[in-house]
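Presented below is the structure to which this report refers.
The values are calculated or read from the model by the stated rules, or taken from the named source; none is laboratory data. Everything numeric here is computed off the predicted structure, so don't read it as measured data. Cβ atoms come from the backbone with ideal geometry, glycine included; neighbour counts cover every protein chain shown.
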Amino acid sequence: MRRFLPLRLFLAATLSLAACRPNAAAITPVSAATAEPLRALPAAQSATLPDHLADSTWWGMVRDMSEPGGYFRSENFVSNEMGLQHVIARLRVTSPPGGVYVGVGPEQNFTYIAALQPRVAFIVDIRRQNLLQHLWYKAVFELSPTRSAFLARLFARPLASTTASDQSASADSLIARLETRAADSAYFRRTFAEVRDHLVRTHGFTLDSSDLTTLRYVDSVFYRTGPSLNYSSGSTGGFGGGRGFRGMPTFAMIATATDPAGANLGFLGTDASYQIVRDMQRRNLIVPLVGNFAGPRALANVGRWLRERDARVNTFYTSNVEQYLFQQGDEWSRFYANVAGMPLDTAASFIRSVTNNRFGGQPSGFMMGQLTSPIVSLVRDAATGAIGGYGDVIGRSK
């Protein structure tokens, strides 16, 4: 399991959790997040897919369906993919609302969830820190009725707004306002305590001291870096760290990106998109897990849970994980065997990212280009020996 000892120990020693506890009167009561009405869900792919999961059920799934954490060389606080939205139009044909989404990594999943409106989503990542970051996101979503409130909590930069003005605001205008705000240390301490209490007291999730220290570390990276946060931010530095290293896009750039027609389909693009994701968070229908794509448990557990409810995977976002699996012995074949063992919709699609289009993908103009391919035919070809390398996978993508 990977460790982030230097900065995390520093944070644990210098920014104690006790010091984060604010005056209760300074914080919106956590019950306010649960008092709001819920939006209507899209028609379920299966009558047995839930409308919501109880806190104890959700936490049991997170705990029991996960595998032990593993290593990856970068902390991935934010995606490095500017072309996320460029495949949404074709995915909406193969992945109608009400299905099942599986993904990996941090916030890019929210864009696909907002655009495709699955009934339930699983986010499976080898890093336990990614799971904890999604817990932090979950609380920030639930406590933030507007995008302005979400961004303010996310980066500890207070943003004044009204619900009406926020509903009509563009992502560009929200990010522009955020970039004029300085980080506020008192706000950082208050919002972290609010998030911690929401997870531990309101939801009853059993987070130990190491988990809480990691949550504080994740929060501190967003606080220190602001909307210029990129893939290389963090204590491990990713591939060198620093703003804009190797052309890495920032959170602000990704949040204001568009599809080929110029529409921002990201989860912060419109209030409607934001509310889709927030509503799923409040219903406990976005389930983060720790798991290796080639591992023995996580994907198998997701498949078992879906099969018991007669549900099928519509969309599986892999980012560029497949590239690494092909570099690690037979892990790629074990991954495809895991996927083949899941219940799959006949039109189910992979979404994958290709670095610098080095593997024969269509040029996108981005550092990371987005491609899609059918899942069923690819896992069948992998099982019959028709897949010999990563290039064969990319050759089946468009």
| note | Over region 98-114, the set of residues among the hydrophobic types (A, V, I, L, M, F, W, C), more than 9 Å from the chain's Cα centre (by Cα) and surrounded by fewer than 24 Cβ atoms within 10 Å (Cβ to Cβ) is A114
| query | Quick check: anything in region 278-290 in contact with a His (Cβ under 9 Å, 6 or more places away or on another chain) and assigned to a helix (DSSP H, G or I)? | reply | yes
| message | When you check F192 against the structure, is it part of a loop (DSSP other than H, G, I, E, B) and touching a Leu at 6+ places or on another chain (Cβ under 9 Å), yes or no? | response | no
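Could you tell me which of the residues L131, L151 is in a helix (DSSP H, G or I), in contact with a strand residue (DSSP E or B) (Cβ under 6 Å, 6 or more places away or on another chain) and at pLDDT 95 or above? I'd like the intermediate steps shown before the answer.
Values: L151 fails: in contact with a strand residue (DSSP E or B) (Cβ under 6 Å, 6 or more places away or on another chain).
Sole residue among the options that is in a helix (DSSP H, G or I), in contact with a strand residue (DSSP E or B) (Cβ under 6 Å, 6 or more places away or on another chain) and at pLDDT 95 or above: L131.
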| said: What pairs come out if I take residues in region 303-318 that are crowded, with 20+ Cβ neighbours inside 10 Å and pair them with residues that are of a type in the set (D, E, K, R) and in a loop (DSSP other than H, G, I, E, B) whose C-beta lies under 8 Å away, six or more apart or interchain? | reply: L306/R312; A311/R119
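Go through region 383-398 and count every residue that is part of a loop (DSSP other than H, G, I, E, B) and surrounded by 14 or more Cβ atoms within 10 Å (Cβ to Cβ). Give the steps one after another, and end with the answer.
Just the residues of region 383-398 that are part of a loop (DSSP other than H, G, I, E, B), to begin with: 385-389, 396-398.
Imposing the further condition that a residue be surrounded by 14 or more Cβ atoms within 10 Å (Cβ to Cβ) reduces the set to 387, 396-397.
Going through region 383-398 one residue at a time, the tally reaches 3.
I'd like to check something: does region 255-266 contain any residue that is assigned to a helix (DSSP H, G or I), under 18 Å from the mean Cα position of the chain (by Cα), crowded, with 18+ Cβ neighbours inside 10 Å and at pLDDT 95 or above? Before the answer, list the steps.
Step one: list which residues in region 255-266 are assigned to a helix (DSSP H, G or I), which gives 255.
Those still in the list that are under 18 Å from the mean Cα position of the chain (by Cα) too: 255.
Among the residues that remain, those that are also crowded, with 18+ Cβ neighbours inside 10 Å are: 255.
Now narrow it down to the ones that are at pLDDT 95 or above: 255.
Yes: region 255-266 contains one or more residues that are assigned to a helix (DSSP H, G or I), under 18 Å from the mean Cα position of the chain (by Cα), crowded, with 18+ Cβ neighbours inside 10 Å and at pLDDT 95 or above.
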| task | Considering every residue within region 55-70, establish whether at least one is part of a helix (DSSP H, G or I), more than 30 Å from N301 (Cα to Cα) and at pLDDT 90 or above. | result | no
| message | For a quick check of your reading of the model, give me the residue pairs whose first member lies in region 382-398 and is under 18 Å from G369 (Cβ atoms) and among the aromatic types (F, W, Y), whose second is in a helix (DSSP H, G or I) and at pLDDT 95 or above, with beta-carbon atoms closer than 8 Å and at least 6 apart or on different chains. | response | Y390/W332
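For region 298-354, which positions are in a loop (DSSP other than H, G, I, E, B) and out of contact with any Leu (no Cβ under 7 Å at 6 or more places or on another chain)?
Answer for region 298-354, where residues must be in a loop (DSSP other than H, G, I, E, B) and out of contact with any Leu (no Cβ under 7 Å at 6 or more places or on another chain): E308, D310, N320, F326, Q327, Q328, G329, D330, G341.
From E142, E179, which residue is touching a helix residue (DSSP H, G or I) at 6+ places or on another chain (Cβ under 8 Å), more than 18 Å from V78 (Cβ to Cβ) and either in contact (Cβ under 8 Å) with a residue 12 or more places away in the chain or exposed (fewer than 15 other Cβ atoms within 10 Å of the Cβ) (or both)? Walk me through it before giving the result.
Working: E179 fails: more than 18 Å from V78 (Cβ to Cβ).
Only one candidate passes the filter, namely E142.
Got a number for residues in region 131-160 being among the hydrophobic types (A, V, I, L, M, F, W, C) and under 28 Å from N292 (Cα atoms)? Give the steps one after another, and end with the answer.
So the first thing to find is which residues in region 131-160 are among the hydrophobic types (A, V, I, L, M, F, W, C), and the list is 131-132, 135-136, 139-141, 143, 149-152, 154-156, 159-160.
If we keep only those that are under 28 Å from N292 (Cα atoms) too, we end up with 131-132, 135-136, 139-141, 154.
So the answer is 8.
Going through G247, G341 one at a time, which residue ends up being on the phi > 0 side of the Ramachandran plot and either at pLDDT below 95 or not charged (D, E, K, R) (or both)? Walk me through it before giving the result.
Numbers: G341 fails: on the phi > 0 side of the Ramachandran plot.
None of the other options fit; the residue is G247.
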| request: Collect the residues in region 319-358 that are surrounded by 21 or more Cβ atoms within 10 Å (Cβ to Cβ) and among the polar types (S, T, N, Q), keeping them in residue-number order. | output: S319, N338, S349, S353
